[in-house]
Amino acid sequence: MKKIPLILIILTFLGCNLKEKNLNLLKTETKTELTKKRETIFWVDTISNGKFLKIFSKPENDWQNLTAEFGNDNQKHTINLKTDEYQMLGIPFTNQIEWITEKSFALINGCGTNCRYVLIFNTELETPIVMPIEYYPEIKYADYKTDNPNLYISVNESKGNSLNLIIVETDSQKKVELNLPVDWNRGNGQIYGIIDKIEIKNSEIKILQNQENGNTKELNKKITWE
């Protein structure tokens with residue numbers, strides 16, 4: 001068996017160590033780069049059909065201090081979201097855009113039981129719209145179907161003893177109100193205990209309530225914008 005020269009063994013050992021050091025250096029640089037990207041917080045950064053919405057921290061690493069930029073090819077609006085009006089949504093709030101219309105982006109967040117708000121960035125308005133909400137397009141936890149993805153529903157409980165539904169068109173903010181009969185009330189009077197299904201089709205809304213005897217109460221109304 002041939003003997004391996006000592007100098008070759010030393011060079012091989014040094015070469016392996018240098019290679020390992022280079023690999024570690026590369027990993028460190030990559031990790032640092034990723035860390036820098038994570039520190040620049042973009043809650044939302046999206047473009048849809050010529051309109052855009054960005055929500056980011058300003059200064060760069062302050063995720064409690066968010067700024068929104070939104071608009072289209074013709075105009076851009078900038079607004080500070082760290083105000084009393086918008087902080088009711090909770091900062092930081094969700095970065096999930098629930099639905100997008102021709103002019104608007106809609107984000108939803110809750111502040112407790114039976115407390116849910118929508119934050120709508122309409123590219124033609126200088127400030128977002130904030131209002132309570134119950135049903136919206138593609139909602140996951142309620143039976144709500146609509147052939148008009150612009151429509152969402154809020155509730156006004158201040159009119160007598162019955163629920164007052166407010167159907168809203170996202171972009172125009174046109175509204176239609178619909179009072180449920182008092183005899184629909186049941187349970188604790190909350191909307192999801194009273195209504196089992198809502199369907200909007202061909203500008204007509206149908207509301208259903210299932211009865212214990214297997215029957216169904218149904219309320220229909222044509223939607224005519226005010």
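The values are calculated or read from the model by the stated rules, or taken from the named source; none is laboratory data. It should be emphasised that the depicted structure is a prediction, and the values quoted were computed from it without experimental measurement. As a convention, Cβ positions derive from the backbone with ideal geometry for all residues, glycine included, and neighbour counts pool all protein chains shown. These accessible areas exclude ligands, DNA and RNA; they are computed on the full protein's heavy atoms, side chains included. Shrake-Rupley method; radii C 1.70, N 1.55, O 1.52, S 1.80 Å.
Cross-link list Lys145/Lys174; Lys174/Lys222; Lys103/Lys206; Lys175/Lys222; Lys103/Lys201: which exceed 24 angstrom alpha carbon to alpha carbon? Walk me through the numbers before you get to the answer.
Numbers: Lys145/Lys174 19 Å; Lys174/Lys222 15 Å; Lys103/Lys206 27 Å; Lys175/Lys222 13 Å; Lys103/Lys201 22 Å.
Exceeds cut-off: Lys103/Lys206.
Using the charge dipole of region 114-226 (Lys, Arg: +1 at Cβ; Asp, Glu: -1 at Cβ; taken about the Cα centre), state which of Ile139, Ile198, Asn210 has its Cα farthest towards the positive end.
It is Asn210, whose Cα lies furthest towards the positive end.
Arrange the residues Thr78, Thr170, Thr83 by how much accessible surface each exposes, largest first, with a 1.4 angstrom probe.
Numbers: Thr78 85, Thr170 0, Thr83 50 Å².
The ordering from most to least exposed comes out as Thr78, Thr83, Thr170.
Treat region 92-226 as a sphere of radius equal to its Kirkwood radius over Cα pairs and apply Stokes-Einstein at 37 °C in a medium of 0.692 mPa s; give the translational diffusion coefficient in µm²/s, rounded to a whole number. The partial results should precede the final answer.
Details: Rh = 15.7 Å.
For the chosen part, D equals 209 µm²/s.
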